[in-house]
1. What's the long-distance tail for the chain, i.e. % of Cα pairs beyond 30 Å?
2. Please work out the ratio of the alpha-carbon Rg of segment 144-290 to 2.2 N^0.38 Å and round it to two decimals.
3. Based on alpha-carbon atoms only, what is the radius of gyration of segment 231-319 relative to the globular estimate 2.2 N^0.38 Å?
4. Normalised by the residues of segment 193-316, what does the relative contact order come to in percent, with Cα pairs under 8 Å and at least six apart?
5. Taking a probe of 1.4 Å, how large is the accessible area per residue of the chain, in Å²?
6. For a quick check of understanding: with a 1.4 angstrom probe and all protein chains in place, what accessible area in square angstrom does Y63 have, to the nearest ten?
7. For N298, what residues show an amide H to amide H distance below 5 Å, using hydrogens built from the backbone and excluding near sequence neighbours?
8. Over segment 297-392, with every protein chain in place, what whole percent of the accessible area is carbon and sulfur at 1.4 Å, could you tell me?
Amino acid sequence: MQGLESAGRVGRILVCGSGLAAEMTVAALAAQLPAHVAIVRVNAGNQRASDLFYGSVTAPSAYAFNLSAGVDERRLILDSDTSFSWGTRYADWGGRGWMQGFALPFPVVDGVQMHQYLTLVGADGITPYVAGVQAARRGVFVHPPREGDGQHPLARAEYGYQFDPADYAALFAAAVPAGRVERLAGSVVGVEVVDGAIVSVGLDDGRAVGADWYVDCSGPAAMLLSALVPDWEGDRRIAIEVEERASADEAPLRTVRVSPEGWQSETPLKGRVRRMRVSASGGAGVVLGRRSRGWVGNCVGIGQAAAVVEPLTPTPMMLLERDIERLLALIPTGSDMGVEAREYDRRFADDHDHAELFQRAFFTADELPDGSYWQAAKAQAVPEKLARKLTMFADRGVLVAYDLEPFHPEDWTILHLGMGLQPTRHDRLADRADPARVRQFLSKMAGDIEAAVTKLPPARVYRAQLEQYLKRGMI
C-alpha cells in the first residue's frame, strides 16, 4: 500500500473492541501496515450479542477482502463451519418469492442491457439467466470458472459465504502473526478527551493507555467515538434471536421468510443450520442508524461503532469491509488528520446512504404484514434517490445508479424484477433486434445454464471433496 511508509508520526494505533469488527480490523492492519507501526488491542467487553447484527451472509467482495487480511479460502474451509453462498432466497416477501443471487454484469447486446430484451419479448423474469440462482435452486456448487473460460455458462456466477460471526472472527484472529499485535489485559472503562481528541483510554485495572490514533470497534456502545460525537441519527429498534440445530444440509443459499412479528432466516453452515428471528422486541436489541461522522479528531469508528444496519441483505458485512478498506486507504500522514477525516466521512456517508436505498426498497413491497415491526419499517420515508430508482425502472427499465454504490446494477435488476416491477416500456434501441432471434438467444442462454448446473455436485459433497483435497495439499 503506497504512502504507509510516510506515516511516521502515527507510530502507535490502538484498536478497541472484542468482536468481529475488531478481529477483522486488527488482521487487516497487521497485514497491511509496516512493522514499525505498533498495533495495540484493548477489550471492550462481550460483543457476541451485537455481532449477531452482522447477519450470516457476505457478498462476493469477502473473498478479496479476506485475502488482503491474511485469511485465504483454504483456512476458511478447513478451520471454520463457513459455507458457500449463491445468495438469499426471499421465499414470500410481499406475496412474492425470488432468489437474490450474486452475478457478474449481465450481457449487453448491441449497446442494450439484457433486461430490456426481457421486456421486449415479455419474458417471465430474469432468474433462468442467472447461473448462481439456478445452481442454488438445485443445492449444488462449484467454484465458477474464471480465466480462459469466459464462455462457460457459470463464468458470470459469483458467490459469497454463509457464516457464524464468532466462528468467522476466529479466522481473522488466527491470521495475525504472533507478536505483531500487543494485546492488553483488561477492558476499557473510560476515555480522556482534550480539545476534541483522545489523549488516553482508561482500563479496568487502573492503567491509562495512549496512542497516536484510535480505532473504535466496540460495537453500538462506541466506547471511544461516542465521547467525541454522541449524536445518533435513527430511532428504529430491532431485536434478534438466534438458535441452531444440527443438519447435514449445506445448501448454498440463505432463506428469508416473512412472519407477522418480522422476518426469519435459515442459513445452512457445515453440519448445522443457523436460524435468526428479527422482530421489534425481544432478544438482543439495537437501534438502527448512524453517527453524523465516522472519524472525529484522532478516532475512527468501524462497523457498528459508527453505524448499525439490519441484516436483511449482506449489507452489514459489505459496509464493515468498506469501513476497514477506507481506513487503510486514509492512514493519516501526521498529527493533523483533518483532510483524511473529511474524505473518510464523505465516503462513509455515501456508502451508508446508498446501501440503505437497497435495504429500504424491500419495504416498498405490497402485502407486507401490519405488526409493530412492519409498521415501523414502512413508516420510514422513501428517500428521493430510491423513489427515482423505482420510478425510472418501472417506467422504462432504466437502472438509475449513483457513484460507487455498494450494490451493483445486476443486484438492482434482480431486486426490481423479483419484487414484481415490470417496466411498462423498453429501450427503443432494442427494437432493432428481431424478437424471434432474441427469444432464441435467451432460450439458448437458459438452456446452457440448466445443462451446466445439472452436472454439478451437491454443495456438501463439493465441500467434503474440497476439504480432502486441501488436507492432502497441506501435508
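1. 48 percent
2. Working: Rg = 21.3 Å, N = 147, 2.2 N^0.38 = 14.7 Å.
In units of the 2.2 N^0.38 Å rule of thumb, it is 1.46.
3. Values: Rg = 15.6 Å, N = 89, 2.2 N^0.38 = 12.1 Å.
Its radius of gyration relative to the 2.2 N^0.38 Å reference: 1.29.
4. Value for segment 193-316: 32 percent.
5. On the way: 19620 Å² over 475 residues.
Heavy-atom accessible area per residue stands at 41 Å².
6. 100 Å²
7. Correct list: I198.
8. After summing per-atom areas, the C and S share lands at 51 percent.
The values are calculated or read from the model by the stated rules, or taken from the named source; none is laboratory data. Bear in mind the structure is a predicted one, so any value in this text is a computation, not a measurement. Neighbour counts are summed over all protein chains in view; Cβ atoms, including those assigned to glycine, are modelled from backbone coordinates with ideal geometry. In case anyone asks, the SASA skips ligands and DNA or RNA and just uses the protein heavy atoms, side chains included. Shrake-Rupley method; radii C 1.70, N 1.55, O 1.52, S 1.80 Å.
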